[in-house]
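Please read the structure below before turning to the comments.
The values are calculated or read from the model by the stated rules, or taken from the named source; none is laboratory data. A quick note: this is a predicted structure, and the numbers were derived from the prediction, not measured. Cβ placement follows ideal geometry from the backbone for every residue including glycine, while neighbour counts extend to all protein chains displayed.
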Amino acid sequence: MRSLSITSAAALLLATTAIPASAARLDTTDPAGDVWKIIDANAAESRPTDHVVNVDVTGVWIKHGARRVVVKASFAELTLNDDTVTFWIDVKSDRRLERSVQVWSSPEAEDGDAKVLDETGSETGCVGLTHVIDRDLDRITVTVPARCLGRPTWLRHKAWASALTDRGWFIDPAGTGGSEQAAWSARIRRG
């Protein structure tokens, strides 16, 4: 009888205890100093260059949950100056949707803005999209509601930063270890 009451109590405890939400995540590192200067965008000509403020991505962390996808990008240095800075995350998934999430800032809009674009480059009007540009921590964080991505069970991403400066246009594809082309990540399953 005693073992039955212990079993019943354990079952009741399990039934009434909320299980915390979880999410799968992927951390990608990227070496500092692997920035490319675009020489001729029409000819796809570029060359490697040294560290450039506001574009040198050092890591991307992505967490895929049932309700939201959170992306954090760390930079070697993220400062407010005359640059127009853009961080892009392209996403494809089992839902056969391709989306681009764009976070940008400029001297005229230091807090920046974020938007989700569809495969044609049109804005999707993603309600609940948020972003934070934290120059003290050299980090950009963007939170995308999963519904804006079709509520995928898995997703892949590629990310990069670009900066338009008085010295030219610079890019850093994240997680490529020096390549000038961004590559798709492994699948990140919803947690």
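Going residue by residue through region 139-158, is there one that turns out to be of a type outside the set (Val, Ile, Thr), farther than 16 Å from LEU97 by Cα and buried (at least 18 other Cβ atoms within 10 Å of the Cβ)? No, there is no match, as no residue in region 139-158 is of a type outside the set (Val, Ile, Thr), farther than 16 Å from LEU97 by Cα and buried (at least 18 other Cβ atoms within 10 Å of the Cβ). The number of residues in region 39-78 that are outside any strand (DSSP E or B) and either surrounded by 20 or more Cβ atoms within 10 Å (Cβ to Cβ) or at pLDDT 90 or above (or both) comes to 10. Would region 83-101 turn up any residue that is of a type in the set (Asp, Glu) and within 17 Å of the chain's Cα centre (by Cα)? Yes, some residue in region 83-101 is of a type in the set (Asp, Glu) and within 17 Å of the chain's Cα centre (by Cα). Close Cβ contacts (under 9 Å, 6 or more residues apart or on different chains) running from residues in region 146-163 that are without any contact (Cβ under 8 Å) to a residue 40 or more places away in the chain to residues that are outside any strand (DSSP E or B) comprise ARG147/ARG67; ARG147/CYS126; ARG147/VAL127; ARG147/GLY128. For region 120-138, which positions are in a strand (DSSP E or B) and buried (at least 17 other Cβ atoms within 10 Å of the Cβ)? Scanning region 120-138 gives HIS131, ILE133. Taking the conditions (1) modelled with pLDDT of 90 or more; (2) polar (S, T, N, Q); (3) surrounded by fewer than 18 Cβ atoms within 10 Å (Cβ to Cβ) in turn, ASN81 satisfies each one other than (1). Would you check if GLY175 is part of a loop (DSSP other than H, G, I, E, B) and surrounded by 19 or more Cβ atoms within 10 Å (Cβ to Cβ)? Yes, satisfied. Considering ARG147, ARG135, the condition of being basic (Lys, Arg) and farther than 24 Å from ARG189 by Cβ is satisfied by ARG135 alone.
So that you can scan it fast, the table gives a plain yes or no per residue for (1) modelled with pLDDT of 90 or more; (2) closer than 20 Å to GLY65 by Cα; (3) among the hydroxyl-bearing types (Ser, Thr, Tyr):
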| position | (1), (2), (3) |
| --- | --- |
| SER105 | yes, no, yes |
| GLU110 | no, no, no |
| THR124 | yes, no, yes |
| CYS148 | yes, yes, no |
| TRP154 | yes, yes, no |
| HIS157 | yes, yes, no |
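Of everything in region 84-111 that is farther than 20 Å from TRP184 by Cβ and free of Cβ contacts under 8 Å to residues at least 24 places away in the same chain, the residue that is surrounded by the fewest Cβ atoms within 10 Å (Cβ to Cβ) is GLU108. Would it be correct to say that ARG190 is surrounded by 14 or more Cβ atoms within 10 Å (Cβ to Cβ), under 17 Å from the mean Cα position of the chain (by Cα) and over 15 Å from GLY59 (Cα atoms)? Yes: the conditions hold for ARG190.
Please give the number of the condition SER162 fails out of (1) out of contact with any Cys (no Cβ under 7 Å at 6 or more places or on another chain); (2) buried (at least 19 other Cβ atoms within 10 Å of the Cβ); (3) more than 15 Å from VAL103 (Cα to Cα). The single condition SER162 does not satisfy is (3).
Close contacts from region 112-124, counting a first residue that is closer than 17 Å to ALA163 by Cα and touching a residue at least 12 places away in the same chain (Cβ under 8 Å) and a second that is part of a loop (DSSP other than H, G, I, E, B) and not acidic (Asp, Glu), with Cβ to Cβ under 8 Å and a gap of 6+ residues or different chains, come to ALA114/LEU129.
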